[in-house]
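Here, each number is a calculation from the coordinates, and none is a lab measurement. Every value quoted in this text rests on a predicted model; they were computed, and no experiment measured them. FYI the Cβ positions are ideal-geometry reconstructions off the backbone, even for glycines, and counts take in every protein chain you see.
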């Protein structure tokens with residue numbers, strides 16, 4: 001696994017009227033300050049990426065649907081893949097300077113929460129078109 | 001409206017492959033530190049409450065479904081009601097020492113994100129059975 005990328009199992013507390021699903025605490029592994037929390041929806045089969053943050057530490061949590069996250073380290077030419085969903089409920093921590101893309105792989109749209117260490121700042125983000133990093137994305141109908 | 005309870009409109013950025021939905025930034029109205037973020041699911045028609053935090057400031061955001069949040073100030077005997085959903089996309093900030101309950105009012109289960117100012121601590125929470133505070137909950141089949 002790429003150095004600094006961390007996957008942390010999260011607890012789901014089963015309650016009859018509706019579960020409680022842990023997200024992140026301020027003393028958790030991977031927490032390096034709170035800048036912003038936002039949601040990113042991703043439609044079935046659709047892909048967002050590639051994006052590289054030069055400062056932000058991302059913490060991805062998927063409370064609904066199923067998302068494949070791909071992290072690419074261009075210094076070593078290595079990809080890491082993660083499937084996040086309430087069924088495999090993990091927090092994925094991604095340090096800066098890695099390329100990230102993700103795909104909705106559920107039948108409906110999926111929901112990703114990012115608990116980010118800094119607020120959104122377009123000057124610290126690099127973008128690349130999807131086909132400029134060769135990765136074999138699954139086709140979902 | 002009860003003093004300190006704040007409703008803040010949140011932006012949804014329309015993107016073809018899946019929208020971005022704002023949550024909270026560390027310089028936003030209502031932000032008073034990051035302790036923990038967690039999800040609470042609520043089934044259709046089901047109600048969670050009443051609960052009173054003596055220290056925690058809650059920030060409720062509903063990225064999926066529809067939830068009615070009721071805040072009760074027992075010092076003045078006043079109820080405030082809020083409907084939160086992606087269609088009426090607001091962040092609801094609730095200061096300590098108020099009774100809070102909420103009901104899932106969508107056909108499917110709804111998802112609430114709480115960005116809480118402190119970590120979960122059972123010693124700062126008071127609980128009351130639902131029927132001990134008289135409120136006319138809507139019956140949802």
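Along the Cα→Cβ direction, 7 angstrom out, place labels at residue B:79 and residue A:128. What is the inter-label distance in nm?
Calculated label separation equals 5.6 nm.
For the range A:1-35 and the range B:1-36, what is the separation of their Cα centres, given in Å?
Here the answer is 20 Å between Cα centres.
Starting from 0 in steps of 5 Å, tell me what percent of the Cα-Cα pairs of the protein assembly as shown lands in each bin.
1, 5, 12, 17, 19, 16, 12, 8, 5, 3, 1, 0, 0
Given label points at 7 Å from Cα along Cα→Cβ, what nm distances, shortest first, separate residue B:12 from the same residue in every other copy?
The projected label point of residue B:12 is separated from its counterparts by 2.5 nm.
Please compute, for the alpha-carbon atoms of chain B, the extent along each of the three principal axes and give them in descending order in Å.
On the principal axes, chain B reaches 47, 39, 27 Å in Cα extent.
I need the shape label for the range B:63-141. Rule: rounded when a/c is under 1.5, else prolate if a/b > b/c, else oblate, with a, b, c from the alpha carbon gyration tensor.
Oblate, since a/c reaches 1.5 and b/c is not below a/b.
Okay, which of the range A:1-44 sit inside 14 Å, backbone N to the point 7 Å along the Cα-Cβ direction of residue B:55?
Inside the label zone: A:26-27.
R0 = 22 Å: FRET efficiency of residue A:138 with residue A:12, Cβ-based, nearest 0.05?
So, using R0 = 22 Å, E works out to roughly 0.25.
Is there a simple number for the mean count of other chain Cβ atoms within 10 Å of the Cβ of residues in B:12-22, and what is it?
Per residue, the number of nearby Cβ atoms from other chains is 6 on average.
What order do you get for B:1, B:24 when you list them from fewest to most C-beta neighbours inside 10 Å?
Starting with the residue having the fewest Cβ neighbours, the order is B:1, B:24.
Inside 10 Å of the C-beta atoms of B:26-39, what's the mean count of C-beta atoms belonging to other chains?
Mean shielding by partner chains, rounded to a whole number: 5.
Relative contact order for the range B:7-136: what is it in percent, counting Cα pairs under 8 Å that are at least 6 residues apart?
In percent, rounded to a whole number, it is 37.
For the rotation that brings chain A onto chain B, whose beta-carbon in chain A is nearest the axis, and what is that distance in whole angstrom?
That would be A:34, 2, residue then distance in Å.
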